[in-house]
C-alpha cells in the first residue's frame, strides 16, 4: 500500500484551501460565509489516503501550491521528460525540425487613446512539423518554438533567435501546403553536381563520402554517434574551401577559426549546429587554454547525450548547475596532425590541390542558387523520410566489415548511402565500403 495525494482544489469563493476535490468538507465550506471560514489562505495542507499499486496513475500525484502571486499545479508524469531537440523524431513517427525564419513582431501597449505600437525584427525560432496521416492534428504545420502545444509537452532549450535563415521562407510555406514527398534522387544528384563544380578529390569514392556526411548533418540526432570530418593536407589544398562549401549546405552551420568552448556548447545546445573549425593545429599546444578547452568538448561531442555542466546565474542571483549538449556534427581543417586520440573520432580526408584550373579558381558562395536549393531539399528530406532512415540503421550496419569504434563512426554514412541507393542512386554503398576499407587500413599503419 502506498500513500496517494488526492486531487485537490481551491475555494474560489473565499480564496482558500486546498480541499480534497468534491469532498464533503469542500461542499460544506463553500456554502458557508466568508466570516465563518477558518482556513488559512492557500494553506498547502496535503490530504492522503491509502491505495493499492494497481491504482497508480498520472492523475494520482497532482500537487497545488503558490509562489508569490502564482498558483502552480505540479504532477508526476508516467514517462521520462521528452526534450525537443533541433531535429526530433518521435515514437509515433512525428518529425520536427528547427528553422529560423524572418519575423516581424508587433507589440501593442496601453489602452484607448494611449495605445502605442512598436515593431521588432528577428530570425525567430520555429519548429516545422510533419505528422503521420492518422494523426488528429494537421499533417504539416509550422509553429513558433514557444507555442503552448510544444511547451506543454516538451522540454525546450533552443535559442529564440539566430542570425541566419537556412530554409527559404518561400519553400517552407510551399512545403506546408503540399502533399507530395521530396524525391531523394534529385537532392543527391544536385549536391553531387555542386560538389564536383567546386572541389576535386583524389578518388571517386571521396565524393559520396563528402556528400552523405553533409546531408547526414540534417539527421545526426537519429544516430548514437556522428563522426567528425577531418581535413588534412598542404597549403592551398582546398581544406578551407571544403569548409566554406559545408558552411553553405550543412545543418545550422557555424564556421570559425577562433571560438571559445563556452560559445561552442551554447550554440550546440541552442541550435544543434554543425561546427566548422579551421586552423585546428592549436589543439597540439598544451599551453593554449582556449584550444584545450575546445578540444575537451570535441573529445566527447561525437557521442549522443554528452554534456558540459556549468553554473548558470538565475533571476534570484543563485547559481544552478546546468547541462549543455555537446553532440553535433563537426568538421575540422589543419595541415599537421593533432593527436591520435582525437583522430579516432574522425573520418579523415587528405586534400590535395585541384588539378583542374577551373575548379581551382571557382569559390563557393551563396550567390550560387544551388546551395539554397540543397538546403531546402535537406529540410524536406528530414520531414519526409527521417523515420525510414531510422529504420535502415541495422540493415546498413550489416554492410560494414569493421567493428567497435569504426562501426559506430561509419554507421551514419553507410545508412545514408543505403537510403539513397534504395531511392535510385546507384553504387553508393560500394563506394562507402571502399572508403571504410581504406580508412581501416590507414588506422592500422
Looking only at segment 412-426, how many residues end up being without any contact (Cβ under 8 Å) to a residue 60 or more places away in the chain and either surrounded by fewer than 14 Cβ atoms within 10 Å (Cβ to Cβ) or in contact with a helix residue (DSSP H, G or I) (Cβ under 6 Å, 6 or more places away or on another chain) (or both)?
4
Test residue 206 against the stated conditions and say whether it is in contact with a strand residue (DSSP E or B) (Cβ under 7 Å, 6 or more places away or on another chain), in the same structural domain as residue 228 (by TED's automatic domain parsing), surrounded by 12 or more Cβ atoms within 10 Å (Cβ to Cβ) and closer than 30 Å to residue 433 by Cα.
yes
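Against the definition (closer than 22 Å to residue 381 by Cα, touching a residue at least 40 places away in the same chain (Cβ under 8 Å) and within 22 Å of the chain's Cα centre (by Cα)), how does residue 162 come out, yes or no? Spell out the reasoning first.
On the way: closer than 22 Å to residue 381 by Cα: no; touching a residue at least 40 places away in the same chain (Cβ under 8 Å): yes; within 22 Å of the chain's Cα centre (by Cα): yes.
So residue 162 does not fit the description; no.
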Go through the residues of segment 390-411 one by one and say whether even a single one is closer than 15 Å to residue 185 by Cα and either crowded, with 17+ Cβ neighbours inside 10 Å or at pLDDT below 95 (or both).
no
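Considering every residue within segment 115-131, establish whether at least one is outside any strand (DSSP E or B) and either free of Cβ contacts under 8 Å to residues at least 24 places away in the same chain or touching a helix residue (DSSP H, G or I) at 6+ places or on another chain (Cβ under 7 Å) (or both).
Residues of segment 115-131 outside any strand (DSSP E or B): 115, 131.
So of that shortlist, the ones also either free of Cβ contacts under 8 Å to residues at least 24 places away in the same chain or touching a helix residue (DSSP H, G or I) at 6+ places or on another chain (Cβ under 7 Å) (or both) come out as 115.
The answer is yes, given that some residue of segment 115-131 is outside any strand (DSSP E or B) and either free of Cβ contacts under 8 Å to residues at least 24 places away in the same chain or touching a helix residue (DSSP H, G or I) at 6+ places or on another chain (Cβ under 7 Å) (or both).
The values are calculated or read from the model by the stated rules, or taken from the named source; none is laboratory data. Just so it is clear, the structure is predicted and the values come from calculations on it, not from any experiment. Glycine also receives a Cβ, built like all others from the backbone with ideal geometry; neighbour counts cover every protein chain displayed.
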